[in-house]
Amino acid sequence: MRWLSLSMLVCLIALSVPTELRAAPAGSTAPPFELVTFTGESYSNESLKGRPTLLVFWAPWCKVCQRDLPLLGEFYHRERPAQLRVVSIGFADTRSNVEQFVRERSGTFVFPSAYDEDRWVAQAFKVNATPTYVLLDAQGSIVLVHRGGGVLQNFQFREFLSTLKG
């Protein structure tokens with residue numbers, strides 16, 4: 001009975017979040033955006049088409065991000081998912097803090113990293129929590145939105161990766 005009450009409370013809280021604050025839903029097309037990485041590469045919703053992409057929204061002060069990002073870096077380095085592009089997007093902090101965090105952890109950030117000036121890209125995807133992972137398919141549609149840590153254990157993420165391996 002206690003679990004049922006707790007489950008109902010969680011559902012009520014989730015339903016009480018205004019629609020405009022919820023992340024862009026799976027199945028929708030990625031909103032228009034453009035980012036320039038710290039190394040000068042430009043990425044946009046159009047340029048990402050043709051290859052599945054995992055967008056990782058994070059902040060340097062986020063304890064879950066500090067724990068999860070090294071795991072993602074190890075996964076990317078170990079598995080070398082040739083078909084999957086990963087782009088990290090630091091936001092919710094200053095550019096200098098994000099850049100310093102990336103620079104000091106070059107072994108973690110083995111994928112392109114950018115700073116989301118004024119949170120434009122996060123707002124376009126309706127991301128309001130760190131970390132948030134947004135998985136896009138090759139056509140630019142949102143396949144998965146995962147809030148919090150543990151995306152590498154997410155069943156839907158793992159299933160998507162298995163389809164890339166053939």
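Can you tell me which residue is surrounded by the fewest Cβ atoms within 10 Å (Cβ to Cβ) among those in segment 112-128 that are of a type in the set (A, V, I, L, M, F, W, C) and either without any contact (Cβ under 8 Å) to a residue 60 or more places away in the chain or not in a loop (DSSP other than H, G, I, E, B) (or both)?
Looking only at segment 112-128, we keep the residues that are of a type in the set (A, V, I, L, M, F, W, C), and these are 114, 120-122, 124-125, 127.
Imposing the further condition that a residue be either without any contact (Cβ under 8 Å) to a residue 60 or more places away in the chain or not in a loop (DSSP other than H, G, I, E, B) (or both) reduces the set to 114, 120-122, 124.
Values: 114: 23, 120: 13, 121: 25, 122: 23, 124: 15.
The extreme case among them is 120.
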Quiz prompt | Failed condition for residue 158, given (1) within 27 Å of residue 61 (Cα to Cα); (2) among the basic types (Lys, Arg); (3) loosely packed, with under 15 Cβ neighbours inside 10 Å | solution = (1)
Quiz item: Which residue pairs have Cβ atoms under 6 Å apart, sit 6 or more places apart or on different chains, and have a first residue in segment 140-152 that is touching a residue at least 60 places away in the same chain (Cβ under 8 Å) and a second that is surrounded by fewer than 19 Cβ atoms within 10 Å (Cβ to Cβ) and among the basic types (Lys, Arg)?
Solution: 140/49
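With the requirement that a residue be among the charged types (D, E, K, R) and either part of a strand (DSSP E or B) or within 14 Å of the chain's Cα centre (by Cα) (or both), what does segment 25-60 give you? Let's see the steps before the verdict.
First, the residues of segment 25-60 that are among the charged types (D, E, K, R): 34, 41, 46, 49, 51.
Hit for segment 25-60 is 34, nothing else.
Mind counting the residues in segment 130-166 that are of a type in the set (S, T, N, Q) and part of a helix (DSSP H, G or I)? Can you show your working first?
So in segment 130-166, the residues of a type in the set (S, T, N, Q) come out as 130, 132, 139, 141, 153-154, 156, 162-163.
Now drop any that are not part of a helix (DSSP H, G or I), which leaves 153, 156, 162-163.
The number of residues fulfilling the criteria is 4.
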Quiz item: Exactly one of (1) in a helix (DSSP H, G or I); (2) crowded, with 20+ Cβ neighbours inside 10 Å; (3) touching a helix residue (DSSP H, G or I) at 6+ places or on another chain (Cβ under 6 Å) is unmet by residue 75. Its number?
Solution: (2)
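We did not get these values from a lab; they are worked out from the coordinates using the rules stated. None of these values were measured; they are calculated from a predicted model. Virtual Cβ from ideal backbone geometry, glycine too; neighbours counted across all protein chains shown.
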